[in-house]
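A short write-up of the structure that comes next.
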Amino acid sequence: MPKLIEISIPTHKPGKVPAYETIGPKLDELLKRHFIGKKVVIRCIGSQDHPDMHLDTLTDVVMTTGTDKYDSSRTGFGYGAFVGKGTNIDFYGEDITIASDTAIMSRTLHEMYYSAIGDRGYAVHVDLVLIYNYRKLDMVMNLYDHHETSDGFVFKDPDHKQAALLGVIKITG
């Protein structure tokens, strides 16, 4: 069973620009405390992309199934173009080996908030950080023109996605 790590950050609320320089290091510390030395893939999601589901319910779905892709009829942002080319992607994430000097979450929170405005027309407020075992995933190679590696991943064992999930950090405001 994956670890559920909960952190309350009262100032981290939807509709507000995240204080990523303050919140990011707190999340980095949780990553180091629980996953130091592990090669992982980090996927950040915002519950606002799942408007019919409360954060607690979404967390339960992720913990049980190993993914936030609970509705096969729903296509996530950025997936349609690749599906049209015959390329399957289970999710987008970032691979990293968690080390004592890991500092990834400030940048990730910033990118998720601002880059989503261009993709979706609204900012993504990250409230779940999914941590996957890199060895249980395959990176989708040559996804982008002129770039061999990518941020797209598929499960090696699609029938056992939960086995790839090491943990979830749930951020409440």
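The values are calculated or read from the model by the stated rules, or taken from the named source; none is laboratory data. Keep in mind that what you see is a predicted model, and the values were worked out from it rather than measured. Quick reminder, even Gly has a Cβ in these numbers, built from the backbone with ideal geometry, and neighbours come from all protein chains shown.
Remark: GLY15 falls outside the filter, which requires a residue to be part of a loop (DSSP other than H, G, I, E, B), modelled with pLDDT of 90 or more and surrounded by fewer than 12 Cβ atoms within 10 Å (Cβ to Cβ).
Here's the yes/no breakdown for (1) outside any strand (DSSP E or B); (2) surrounded by 18 or more Cβ atoms within 10 Å (Cβ to Cβ); (3) modelled with pLDDT of 90 or more:
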{"position": "ARG43", "(1), (2), (3)": "no, yes, yes"}
{"position": "THR64", "(1), (2), (3)": "yes, no, yes"}
{"position": "THR67", "(1), (2), (3)": "yes, yes, yes"}
{"position": "TYR70", "(1), (2), (3)": "yes, no, no"}
{"position": "GLY76", "(1), (2), (3)": "yes, no, no"}
{"position": "ASN88", "(1), (2), (3)": "yes, no, no"}
{"position": "ASP95", "(1), (2), (3)": "no, no, yes"}
{"position": "ALA99", "(1), (2), (3)": "yes, no, yes"}
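Considering (1) of a type in the set (Asp, Glu); (2) at pLDDT below 75; (3) closer than 30 Å to ARG33 by Cβ, the lone condition that GLU148 does not fulfil carries the number (3).
Restricting segment 103-135 to residues that are modelled with pLDDT of 90 or more and part of a loop (DSSP other than H, G, I, E, B) leaves a set whose member that is surrounded by the fewest Cβ atoms within 10 Å (Cβ to Cβ) is ALA103.
Let's see how each residue does on (1) within 15 Å of THR108 (Cβ to Cβ); (2) at pLDDT 95 or above; (3) in a helix (DSSP H, G or I):
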{"residue": "PRO10", "(1), (2), (3)": "no, no, no"}
{"residue": "LEU27", "(1), (2), (3)": "yes, yes, yes"}
{"residue": "LEU30", "(1), (2), (3)": "yes, yes, yes"}
{"residue": "HIS34", "(1), (2), (3)": "no, yes, yes"}
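Search segment 1-59 for residues being touching a residue at least 40 places away in the same chain (Cβ under 8 Å) and small (Gly, Ala, Ser), and hand back the single one that is farthest from LEU137 (Cα to Cα). Among them, the one singled out is GLY15.
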